[in-house]
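What follows is a short report on a single structure.
The values are calculated or read from the model by the stated rules, or taken from the named source; none is laboratory data. All values derive from a computational prediction rather than experimental measurement. Virtual Cβ from ideal backbone geometry, glycine too; neighbours counted across all protein chains shown. Areas reflect the complete protein model, heavy atoms only, side chains present, ligands, DNA and RNA absent. Shrake-Rupley method; radii C 1.70, N 1.55, O 1.52, S 1.80 Å.
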Amino acid sequence: MRILSDPCTALLLSINKGDQDEGSKLDPQPQDQKQEQEKGEEEDPCKTPDVGPASIEESCYMWAIMPTNENKFETIFQLRGPNTQEAMRYNLMTMAPEKEIDMTTVSVVCHSLNREPLERFQKDVYCVPPKILVRMFGTYGTNYINKRTKMPHLVSSLKDQQLMELLDKEKLKKSRELFAPVVYKGHWWLYMLDVENREFYIADSVFGVDTSDTDRTKLHRFACNILNQLRVWAGAQSIIKKQSISLEPRAVDVPKQPNPTDCGVYVMKWMEVLGAAALSGAFAFKTRCQIEEWDRDQLNEFRKDFVLKVLLSENNTLNVEAINQATSMTHEAITEARRRMPHRTKPSAALRSPFLQPSTAELETKH
């Protein structure tokens, strides 16, 4: 994953080298004695990790997600270029493990992915920031049919030019696939519009392919209409027939999330993985291409990766300042931040025993 521009990479390398040089000077303990200590110590999964000085990446992550009351409203991301977008440390702190991810954070990840140098993100794929869909859902919900026109309400009815300024009009017009994350009643899911094949997909890590919720199905149709409106606004041709509201929504069978808070992580990771996948023919989600099940530790690592992608991106005008402030954190502050992070619990003796492993066969019942 390409995160940093050349100047930032050089800065990180120089800081890392300086830390290594200082560490070698200040550590008088003989190597043999260190090895003896390491052999005598048994790793305890329940123990708060203490691995010495933090890496630059860990410092940046901790600095972003562990704010104090004095600095949590400080702006730490400012998008370079015409499409304005900012994020405060308060937003990125929702990327800490087991936190519900806020809309601004997902929005800046969309902007970062849209600036990726990969060919697919440059030519074929566009990630639509979630604020427009969220505003339309919040304003109209399932009652989105205009009584006068008998058609869904228009995005222009919001009368908010700043929302439209979040969009890259040229990429929106030319892209063959649109990814559109949305959060509604505290839950994130992802829409995928395949323009060439005129197909519309929904990936939901909680509800999956369940179509019994008629209100949710209404929202899906409304979302497809909104995305089509945005394309027409950008200068593209409509892919929905006249007098029709939407393409037929198709739910994709994707893995379920292991907890109540990681739906936003799934949405961002799906955009990253499928946006970068060089696929031909039918849309990737149609065959569940590259969709994997992720455990808690992987999801927490994804959170860290996305914070670094946003914070250290060459498109963030504040990236060098963020690196300088993060690397000035004291060892005590890093240790305290590690202590507050959730850690893997130590399994019981029963769970560690190969003779007492749980089996799905034991859960089967005869009717």
Going by what's in this entry, would T317 be described as modelled with pLDDT of 65 or more and open to solvent by 10 Å² or more (accessible area, probe 1.4 Å)?
yes
Which one of the conditions (1) out of contact with any Cys (no Cβ under 8 Å at 6 or more places or on another chain); (2) in a strand (DSSP E or B); (3) modelled with pLDDT under 95 does F200 fail to meet, given that it meets all the rest?
(1)
What number goes with the only condition from (1) at pLDDT below 75; (2) open to solvent by 80 Å² or more (accessible area, probe 1.4 Å) that K241 does not pass?
(1)
Would you tally the residues in the stretch 150-173 being open to solvent by 30 Å² or more (accessible area, probe 1.4 Å) and assigned to a loop (DSSP other than H, G, I, E, B)?
8
Among the residues of the stretch 174-186 satisfying the criterion of being in a strand (DSSP E or B) and open to solvent by less than 20 Å² (accessible area, probe 1.4 Å), which is nearest to E272 (Cα to Cα)?
F179
So if I check each of F306, F302, which one is under 27 Å from L79 (Cα atoms), touching a Lys or Arg at 6+ places or on another chain (Cβ under 6 Å) and either at pLDDT below 85 or not in a loop (DSSP other than H, G, I, E, B) (or both)?
F302
In contact (Cβ under 8 Å) with a residue 60 or more places away in the chain, closer than 24 Å to C263 by Cβ and open to solvent by less than 30 Å² (accessible area, probe 1.4 Å): does that describe S112?
yes
